[in-house]
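> My questions will all concern the structure given below.
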Amino acid sequence: RSNANTKGLNMRLFEKYRPKSLAEVVGQPKAVATIQRMIDRGGYGGRAVWISGASGTGKTTLARIIAGTVAGPSDTTEYDCARQVTVSELERISDMMQYRGMERQGGRAWIINESHGLSKAATELLLGLLERLPAHVVVIFTTTKDGEEALFEDNIDAHPLLSRCDVLSLTNQGLAKAFGERCFQVAQAEGLDGVPIERYTRLAQNCKNNMRAMFNAVESGSLIGGVG
């Protein structure tokens, strides 16, 4: 389990340049518009959100932004994978939900990444838990499209779980230009550029629009003056 904040002098580029606000998110205008509408209508307190999409397209980024509208960093708990969300952990979460957060927002947020790994027992417990979320709590699930489909196949409770969530499906189409431009900007800021911007669009295509993989390529120095 990890806190949603990422600190450290040796921060990887994909964390250093991870968007902190909806205005900074690129390539997902539909999802951003949906989130903004919900915020304008009263916010995400008392709600659960299910975010699915291909790897590196912004699932965790959007999850953290949504969480930040309800709870501060110290009141946000993020799980790297659903295997960490055991029945005993869910019972602990259920108890903690009754208390408001310590930071100014007063809310609490839980982010469960790789949610397709939820056990059947955990999923069944979540069905009841999500029905009684306090108004100061948000729970956010993220998963890949393939993982979501596997969950449906393997767990009969998957559909009832999703029915309790606001579902956001991220696109993997038409991202190469937007992701390429963003990666080009980061490479310039870090002094790791040296190839035409078109090369970054091809990088996006080669990485299947996975922004994390693109940043890793920049970080490796493979785009300095055409290296690699």
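The values are calculated or read from the model by the stated rules, or taken from the named source; none is laboratory data. The shown structure was predicted, so the numbers you read here are calculated from the model rather than taken from an experiment. Cβ atoms come from the backbone with ideal geometry, glycine included; neighbour counts cover every protein chain shown. Heads up: the accessible areas ignore ligands, DNA and RNA and are worked out on the full protein's heavy atoms, side chains in. Shrake-Rupley method; radii C 1.70, N 1.55, O 1.52, S 1.80 Å.
> What is the number of the single condition among (1) of a type in the set (G, A, S); (2) touching a residue at least 40 places away in the same chain (Cβ under 8 Å); (3) crowded, with 19+ Cβ neighbours inside 10 Å that G101 does not meet?
Unmet condition: (2).
> Please list, ordered by residue number, the helices (runs of 4 or more DSSP H) wholly in the stretch 1-98 having 1 or more residues that are of a type in the set (G, A, S), touching a Ser or Thr at 6+ places or on another chain (Cβ under 7 Å) and buried (at least 19 other Cβ atoms within 10 Å of the Cβ).
Ranges flagged: 59-68.
> What residue, of S119, S94, S52, is farther than 15 Å from V139 by Cα and of a type in the set (S, T, N, Q)?
Criteria check complete, one pass: S119.
> On to the next question. For the stretch 191-220, what are the residues that are open to solvent by less than 60 Å² (accessible area, probe 1.4 Å) and assigned to a loop (DSSP other than H, G, I, E, B)?
Across the stretch 191-220, the qualifying residues are G191, L192, D193, G194, V195, C207, N209, N210.
> Search the stretch 122-136 for residues being assigned to a helix (DSSP H, G or I) and in contact (Cβ under 8 Å) with a residue 40 or more places away in the chain, and hand back the single one that is surrounded by the fewest Cβ atoms within 10 Å (Cβ to Cβ). Lay out the reasoning, then the answer.
Taking the stretch 122-136 first, the residues assigned to a helix (DSSP H, G or I) are 122-131.
Still in the running and in contact (Cβ under 8 Å) with a residue 40 or more places away in the chain: 122, 130.
Details: A122: 23, L130: 18.
This residue is L130.
> Run T123 past the list (1) within 16 Å of V49 (Cα to Cα); (2) in contact with a Phe, Trp or Tyr (Cβ under 8 Å, 6 or more places away or on another chain) and report the number of the one that doesn't hold.
(2)
> While we're looking at this one, here's another question. Could you run through the stretch 9-60 and say how many residues are over 21 Å from D166 (Cβ atoms) and either under 16 Å from the mean Cα position of the chain (by Cα) or of a type in the set (S, T, Y) (or both)?
Of the residues in the stretch 9-60, 10 are over 21 Å from D166 (Cβ atoms) and either under 16 Å from the mean Cα position of the chain (by Cα) or of a type in the set (S, T, Y) (or both).
> So which residues in the stretch 107-121 are among the hydrophobic types (A, V, I, L, M, F, W, C) and surrounded by fewer than 21 Cβ atoms within 10 Å (Cβ to Cβ)?
A121
> So is G180 open to solvent by less than 30 Å² (accessible area, probe 1.4 Å) and farther than 27 Å from T144 by Cβ or not?
No.
> Can you go through V139, V186 and tell me which one is open to solvent by less than 30 Å² (accessible area, probe 1.4 Å), over 30 Å from Y44 (Cα atoms) and at pLDDT 95 or above? Even if it seems obvious, please write down each step before you answer.
On the way: V139 fails: over 30 Å from Y44 (Cα atoms).
V186 is the lone residue from the list that is open to solvent by less than 30 Å² (accessible area, probe 1.4 Å), over 30 Å from Y44 (Cα atoms) and at pLDDT 95 or above.
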